[in-house]
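The values are calculated or read from the model by the stated rules, or taken from the named source; none is laboratory data. As the structure is a computational prediction, the values presented were derived from the model and not from experiment. As a convention, Cβ positions derive from the backbone with ideal geometry for all residues, glycine included, and neighbour counts pool all protein chains shown. Protein only, heavy atoms only, side chains kept; ligands, DNA and RNA dropped before computing areas. Shrake-Rupley method; radii C 1.70, N 1.55, O 1.52, S 1.80 Å.
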4 protein chains.
Amino acid sequence: MAIILGDNQYGKAESRIVRIVRDGPRHEIRDLNVTTALRGPFEQAYLTGDQSNVLPTDTQKNTAYAFAKSKGVDSIEEYGLELARHFVGDVDPVTGARIEIEEFAWERAVVDGSEHDHTWLRKGQDVRTAAVTVDATGEYVVGGLKDLVLLKSTGSEFAGFLKDDFTTLPETHDRVMATALDAKWRFSSVDVDWNDVYPRIKALMVREFATLQSLALQQTLWHMGTAVMEEFPDIVEVRLKAPNKHHFDFDLGRFGVENAGEVFWAADRAYGLIEATLLRDDAPPANDAWRFSAGLA
Amino acid sequence: MAIILGDNQYGKAESRIVRIVRDGPRHEIRDLNVTTALRGPFEQAYLTGDQSNVLPTDTQKNTAYAFAKSKGVDSIEEYGLELARHFVGDVDPVTGARIEIEEFAWERAVVDGSEHDHTWLRKGQDVRTAAVTVDATGEYVVGGLKDLVLLKSTGSEFAGFLKDDFTTLPETHDRVMATALDAKWRFSSVDVDWNDVYPRIKALMVREFATLQSLALQQTLWHMGTAVMEEFPDIVEVRLKAPNKHHFDFDLGRFGVENAGEVFWAADRAYGLIEATLLRDDAPPANDAWRFSAGLA
Amino acid sequence: MAIILGDNQYGKAESRIVRIVRDGPRHEIRDLNVTTALRGPFEQAYLTGDQSNVLPTDTQKNTAYAFAKSKGVDSIEEYGLELARHFVGDVDPVTGARIEIEEFAWERAVVDGSEHDHTWLRKGQDVRTAAVTVDATGEYVVGGLKDLVLLKSTGSEFAGFLKDDFTTLPETHDRVMATALDAKWRFSSVDVDWNDVYPRIKALMVREFATLQSLALQQTLWHMGTAVMEEFPDIVEVRLKAPNKHHFDFDLGRFGVENAGEVFWAADRAYGLIEATLLRDDAPPANDAWRFSAGLA
Amino acid sequence: MAIILGDNQYGKAESRIVRIVRDGPRHEIRDLNVTTALRGPFEQAYLTGDQSNVLPTDTQKNTAYAFAKSKGVDSIEEYGLELARHFVGDVDPVTGARIEIEEFAWERAVVDGSEHDHTWLRKGQDVRTAAVTVDATGEYVVGGLKDLVLLKSTGSEFAGFLKDDFTTLPETHDRVMATALDAKWRFSSVDVDWNDVYPRIKALMVREFATLQSLALQQTLWHMGTAVMEEFPDIVEVRLKAPNKHHFDFDLGRFGVENAGEVFWAADRAYGLIEATLLRDDAPPANDAWRFSAGLA
């Protein structure tokens, strides 16, 4: 009945790193939020306070900034792999590394019809994410996006559901459907053209959300996930988490005003929450690919 | 030495109203956060609890939803004027109304190269605002935008400043400049093509931010404001509030890595904060145009 | 029709300063968020970019940290006065200074029944604030608190209100009343025992909220304000802003369950918003006492 | 290479339920944020949109509100068990239920030295949590707290750590240590005096944080967890997640001011993040006890 130390990891969360490429007059920008976590024989740090195996989280942060220069940030997936490989390969006691990255998008300012060389506006609300794990079993990349806010004003139904004594919801064959999608996809390979794949995945998900006559948010998620997996053979698992951001018809009939699906109250809470994993039946093992640290990616 | 009731107002803040126009297959969406506040002879509600002059905030909310249908939301400025005129004109004790509106932007989903009829993605982070005041002295519209996040990677200096015993900041002739602009502009008229003006103002501000070789954020703000006022004669006052979102060079030299303005730490706090009002010397009086309620617009 | 520069100010917002007093084994803690803003002849910074009158915001931050040691933080009001006097008195071009401070409360950890010497827990959600202004017209202190979340489960009514075509709210003589109070009070003097006054003001406001059989939130605010002003002669103005955080009866009758004011849905938005100023009829002029910078205090 | 539906669940997140007990003049309040999620044979909702097995999330919300009255909320753990048992036992296709609850604390207003019967102030920032799982394998309760913000101004060291080329952090034998603790503990039984256990666990954690001369946050976490497990035999697993909220000495020496651990800059990001699981070596299987839905509890 002894108490033992189980899973543990430590690192530096949320280093805000902005990388400017300024080789010529036309600069490039990458805007990241980087979390690193290390795994290995750190028991003595817990049991006796002995830090001799512990690389400080401050050092991890320094490394993340240094690699943004020395390795560059062509894609967050590749940059994350470089960092993870360094910690596992170059720092002796470390046996596993987890790198979680958020990337914030910018678009070039347009001035007098032309894209500006060194000025940008923050673009959109959705965030590209990458979660990289490297350990003795291999290298794992989970790509993702979050806070992709989508809304369709028709083409969504909810009917034929189970009813019990607490059910008061009317059936509907035309409602607003809105969500803030959180999607993650696991690759079976690290030999991927990351910057090519990401926008195509996003476009496929938007397409399915838009074009499916939806009988439930569950069905929409399934279509989103399968569209991605059919297009990309090396994506072997997709995890989707989608709040049902309710838009309720506001009852204007009380004041003699008709409301045929035109005026809605966008509610904050409570919200539906639908979660699903799609998986190839021959997917290789995920091992620690889904073991989170800060959980922002 | 009596205690008296001074300025007071009351209303309903943050009604989340989504308006879908569905006259044909191609829908339109307007997504609003509406605050209403009423002014008038409400002393007895405070002094004795007598509510006979008090139109409930719930009624104000109902009205805002009803007008979204009956009057429509062609622009938030016009919709706000309709609401304010109603409260002052149709509700007997009310002598003044303040309507503050945030509008969240959406862009059409693009599916197989075409804009979709009834599906949208939330667009950008900046919010269009309108603050409308109607009272016995007239009608006032303050347009605005907020959370417009801009960054330039060169073309910004900060030097020649005042120094005292607590000054340690080095001078620089090349730094990152970034802000999340909050801008408000007062019109001298309510006969304005609101939806034409808004994007042009935003474009002018972006242009000035991008193209001025900036000696200080103060100078950039002045150029933004004058560009707008020179273009639009009926804009008589511009108020600007701009955090200086610091991007500090991360010292990579400690690890033998050069960093010539390429890797930055984006700090959260503290931040500089620059505020300025630009005004025509013959501007008509603002009266209560700048008297806020919830202050979100 | 020239464009002129009107009101302007600049400074450093949200310096997070923690001050530990460690004269003996029993430490003390003050946890602040400090904003400074300077006013004066800064036109050329805007018009031409000339910074020769501009003390950097970084210097202002350094000064705030230095004063936390050299002057100490006995109270945020006194510390704010010290900072403001320094900027106006010691920095030549500066003619006015505005200091806004939030203070976060901590309580000592209790270990085996005793208060611990150097360990604390963050206490409560309400924040003590001070806004200090010093300029050629004098010295002004506005004390305050915000985010004081209060709820009473009975003793609140709302009836006898004005009705129009959009009114559907039923009258009630027993409802939940809840708010997150934002209160600010202006002193006519700077010779005040700041740390004695603050908790007494808070206690008076809580007492009035609790004990008044409230006919409206307006009435409750009036009672809160007058109780404070009657107790403290040198408080000459009180400004109150109170959201009506709605707690709606959840309709359980649909499932055959009675709900006599026992189960509520706590809504996020929309919320009522009640604002009032109470003032002595012989109050000295406020001048710039209420001219905000970051507006957090 | 077929695509299959893996883990999935759906429910209603964040129902904000306030329960007032008003049997006599002295009321009681419980303030909850309730998430429910159901597991079972819901494949057809995804694959074909067939909802015949799907109890609407709206119904789940209704049930949560109804149970707050009919079952009461003596403790969130017991209330969660009632809800979970109902969904699994009474709703035919449901095979598993997950209930996640946050509870917000209130303290009675003190008026003229006495606790008030029906008025409260929100208390503290820490949140009590419960995550209940009921399925064919049994019943599981995970208690918890989060956002418990603790700070000690001495009694914390960090030295003797591993160094590499990117290490610049100096060693220290006296620093501020601060965190916002997130702790969860798994019970091996559901026959527990929940409201007795919770404050005792919190007190033990605070005691260990305060009294241990800490060589690392890791060591502090280990002491917190073992103190709890040694006191409560039916707690078989503790999971701890603790940001290291850095408080950096502000360099006042540049202005000739000494700073012997008295003035600190409280940084927002980046922060250290330490995570650990403590476990009895004979703990019964957790099964789905740690499978989250909204993840707020």
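For the reader, a short list of remarks on this structure follows.
- Lys pairs under 16 Å by Cα in the range B:10-290, provided they are eight or more residues apart or on distinct chains: 13
- Counted charge near A:ASP135, where neighbours are those whose Cβ lies closer than 12 Å (Asp, Glu -1; Lys, Arg +1): +2
- Check: the protein assembly as shown dipole with +1 on Lys, Arg Cβ and -1 on Asp, Glu Cβ, in debye: 0 debye
- Inter-chain shielding of C:147-160 (mean C-beta neighbours from other protein chains, 10 Å cut-off): 5
- Placing +1 on the Cβ of every Lys and Arg and -1 on the Cβ of every Asp and Glu, with no other charges, gives the range B:10-290 a dipole of roughly 560 debye about its Cα centre.
- Shape of the protein assembly as shown, Cα gyration tensor, a/c cut at 1.5: rounded
- For the range A:32-46, a drop of 10 Å² or more in accessible area on going from the chain alone to the assembled protein chains (1.4 Å probe) is found at A:ALA45, A:TYR46.
- Placing dummy labels 7 Å off each Cα toward the beta-carbon, the span from D:PHE248 to A:ASN195 is 3.1 nm.
- Considering helices alone, the calculated mean residue ellipticity of chain B at 222 nm is -7000 deg cm²/dmol, with DSSP H runs of length four and up weighted by -39500 (n - 2.57) and normalised per residue.
- Apportionment of accessible area to carbon and sulfur, the range A:148-286, percent (1.4 Å): 50 percent
- Shape category assigned to the range B:92-177 from the gyration tensor of Cα positions, a/c cut at 1.5: oblate
- Solvent-accessible area buried by B and C, counting both chains, probe 1.4 angstrom, square angstrom: 6600 Å²
- Estimated at the nearest 10 Å², the accessible area of C:VAL88 is 40 Å² with a 1.4 Å probe.
- Distances between every pair of Cα atoms in the range A:148-286, grouped in 5 Å steps from 0 to the bin holding the largest one, split as 2, 9, 17, 19, 17, 13, 9, 7, 4, 2, 1, 1, 0 percent.
- Taking all protein chains together and a 1.4 Å probe, the residues D:ASP174, C:ASP249, A:ASP234 rank C:ASP249, D:ASP174, A:ASP234 from largest to smallest accessible area.
- Relative contact order, whole percent, for the range A:9-124 stands at 29, derived from Cα pairs under 8 Å and 6 or more residues apart.
- Calculated FRET efficiency for the pair A:GLU139/D:GLU139, C-beta based, R₀ 30 Å, to 0.05: 0.15
- Accessible area (Å², per residue) of the range A:9-124, counting only protein heavy atoms and a probe of 1.4 Å: 31 Å²
- Rule-of-thumb Rg ratio for chain C [Cα; 2.2 N^0.38 Å; N residues]: 1.20
- Accessible area in square angstrom per residue, the range A:148-286, 1.4 angstrom probe: 36 Å²
- Residue list for the range D:243-260, given a label point 7 angstrom along the Cα-to-Cβ vector of D:ALA159 and an amide N cut-off under 18 Å: D:249, D:260
- Inter-probe distance in nm under a simple model that places probes 7 Å from Cα toward Cβ, at D:LEU47 and D:ALA105: 4.9 nm
- Averaged over peptide A:18-24, the number of partner chain Cβ atoms lying within 10 Å of each residue's Cβ comes to 5.
- Shown for the range A:9-124: the carbon plus sulfur share of the solvent-accessible area, taken with all protein chains present and a 1.4 angstrom probe, equals 41%.
- The convex hull around the C-alpha trace of the range A:1-151, projected and averaged over every direction, spans 12.8 square nanometres.
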